[in-house]
Amino acid sequence: MIYTVDDILNKLDNCIEYKLPFSHIRFGDGGIKLIDCLLYDDRKLLATIVKKEGLPQEYLIEIFDLWGYYARQADFIDTPEVYYNGTFWPRIKKPGKPINIETDLKMRSWKDLYSRAEFDNENYCNPESNCLMIIKIPGKKNLFDVIKNRKVCCITAKPEIKSLFPKWDIVEIVGQWKNQYKNSFKEVVDIIKYTATEYDFWLVAAGELGRIYSGLIKEHGGRCLDIGFVIEFWLTGYIHPRFHVFVNKALNNNLELVLTNEGKKYEGNI
């Protein structure tokens, strides 16, 4: 089953109220590419991903195993199926330009890749659920409704987000191409182990290692959402070209999005 934003946020709300652990983990096309590289020994692409995401070459199998373990424990993991079953807008690079054939083939093979990675979790959500959570739809809850009056911690390479959300605590990591595993990972893991339950929930924006942070947060009794590039949107207003046909910035709150007429065609599945 593919769950909606309402399903995710309502369950998170319930878990906050009753102090239950919760995790929302998105692998996206980046995760699928990494799984494919490891399974089929694509060394060239793997080398680029490893360097960009700051992954330790010598521990890739351990990270792969942890992905599977935490995916099995998660309340929701994402599926690319929404791009192919007509329930959601297609995955494109930008209006009029599809994603490249190699990426498309990998995403269409998601069931096989997930099975080989032993994700074994059918509580699916939209890969874009991070973005969909900040859409303002009349009569529906969004992320800002959940954030209100809640204690939040955010793991991000953009600590300046605190200027917009001064009550948040920030766990700063290094950004892409800066060897996150070497320079941030151990510190973040230690912080999570000791403080996971001190917050109502966490927001994780930490790339491929972020899936492990999310899993650890739930493992240690906390709750988290994988918010990804929403942090960049909040700071810069940048909307990826693949969304331009479907969403706009909200007029009365530049941290929220609204659906365009084209986007509203999919409102019932968001």
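Values quoted throughout were computed directly from the atomic coordinates according to the rules given, and no laboratory measurement underlies them. Only a predicted model underlies this, so the values are computations on that prediction, with no experimental measurement involved. Here the Cβ positions follow ideal geometry from the backbone for every residue, glycine too, while neighbour counts run over all protein chains shown.
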For the stretch 11-21, indicate whether the set of residues that are under 19 Å from residue 79 (Cβ atoms) and assigned to a loop (DSSP other than H, G, I, E, B) is non-empty. no
Filter the stretch 115-132 for residues that are in a helix (DSSP H, G or I) and either basic (Lys, Arg) or in contact with a Leu (Cβ under 9 Å, 6 or more places away or on another chain) (or both); the one that is farthest from residue 7 (Cα to Cα) is 116
Exactly one of (1) among the hydrophobic types (A, V, I, L, M, F, W, C); (2) in contact (Cβ under 8 Å) with a residue 40 or more places away in the chain; (3) in contact with a helix residue (DSSP H, G or I) (Cβ under 7 Å, 6 or more places away or on another chain) is unmet by residue 99. Its number? (3)
Unmet criterion (only one of (1) among the hydrophobic types (A, V, I, L, M, F, W, C); (2) closer than 19 Å to residue 88 by Cβ; (3) without any contact (Cβ under 8 Å) to a residue 24 or more places away in the chain) for residue 230: (3)
Single residue of 206, 157, 196 found to be touching a Gly at 6+ places or on another chain (Cβ under 7 Å) and either basic (Lys, Arg) or under 19 Å from residue 236 (Cβ atoms) (or both): 157
Being farther than 24 Å from residue 267 by Cβ, under 17 Å from the mean Cα position of the chain (by Cα) and assigned to a helix (DSSP H, G or I) is the filter here; which residues of the stretch 70-114 pass it? 70, 71, 72, 73, 110, 114
Any idea which residue in the stretch 138-153 is farthest from residue 268 (Cα to Cα), counting only those that are surrounded by fewer than 17 Cβ atoms within 10 Å (Cβ to Cβ) and touching a residue at least 24 places away in the same chain (Cβ under 8 Å)? 151
Mind listing just one residue for me: the one in the stretch 253-270 that is assigned to a loop (DSSP other than H, G, I, E, B) and acidic (Asp, Glu) and, of those, farthest from residue 89 (Cα to Cα)? 256
Hey, does the stretch 257-270 have a residue that's buried (at least 19 other Cβ atoms within 10 Å of the Cβ), in contact with a helix residue (DSSP H, G or I) (Cβ under 8 Å, 6 or more places away or on another chain), of a type outside the set (A, V, I, L, M) and on the phi < 0 side of the Ramachandran plot? no
